[in-house]
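K.L.:
Here you go, one structure.
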Amino acid sequence: FANEIAHLNVGTLMARQDIFIGNADIAEEFDVSEDVEVVPGHVVVLDESQMSIRPAMRPYDRRVTGIISGAGQYRQGIVLDAVRAGAGVSSAARRVPVAMLGKVLCWVDADLGEVRVGDMLTTSATPGHAMRVGTAASAAGSIIGKAMRPLHQGRGLVPVLVSLQ
């Protein structure tokens, strides 16, 4: 049955029972700006000049879009706006899934402030990394989510409950 669904291009899926999805986040695919590299776990922002995404590079950036999905053990549960080769997209287009809700591993810079479980995270000046929010008032519109594990110092991957605010 699962193989049959994988080949459907158009239609409606209706469930009369619960649906269980074994992976961790809801993501949406975005084009990546031409002149940048991104890796799973990077915090990304909208690139106004190219209508695409790029790694975050400034603190409290309200253009924050989410976190590149797929780092470590967490994979996308649902991917929106997924475009595959041969679907009218040139092979040069670089698209990546950006987690917008759920659990995902995120690159965090704790040298900018120790991160504790439950801390709200925002963009930082370290490219592609999040940092702990200083005061909630200053972070309005730039919050990525909530840390699920501490990071006392340095840079590393931290599980985050994504909830853009």
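Quick note: the coordinates plus some simple rules give every number you see, no bench work behind them. This is a predicted model, so every value here is computed, not measured. Backbone-built Cβ (ideal geometry, glycine too); neighbour counts: all protein chains shown.
K.L.:
Suppose R0 equals 22 Å; then what is the FRET efficiency for S49 and A125 from their Cβ-Cβ distance, rounded to the nearest 0.05?
P.N.:
0.65
K.L.:
May I ask you to evaluate 6.51 cos²θ - 1.76 cosθ + 1.60, the Karplus curve with θ = phi - 60°, for each residue of segment 95-102 and list the ³J(HN,Hα) values in order in whole Hz, giving x for glycine and proline?
P.N.:
10, 9, x, 10, 5, 10, 6, x
K.L.:
For the chain, what proportion of DSSP beta bridges, expressed in % and rounded to the nearest 5, is antiparallel?
P.N.:
85
K.L.:
OK, next. Hey, can you grab everything whose amide H is under 5 Å from the amide H of C106? Only 5+ residues off in sequence or another chain; H modelled, so Pro and N-termini drop out.
P.N.:
Amide H neighbours of C106, under 5 Å, 5+ apart: V158, V160.
K.L.:
Starting from the Cα of R149, move 7 Å in the Cα-to-Cβ direction to define the label point; list residues of segment 46-76 whose amide nitrogen is under 19 Å from there.
P.N.:
Within reach of a label on R149: 67-76.
K.L.:
Over the chain, what is the relative contact order in whole percent, taking alpha-carbon pairs under 8 Å and six or more residues apart?
P.N.:
Worked out over the chain, it gives 25 percent.
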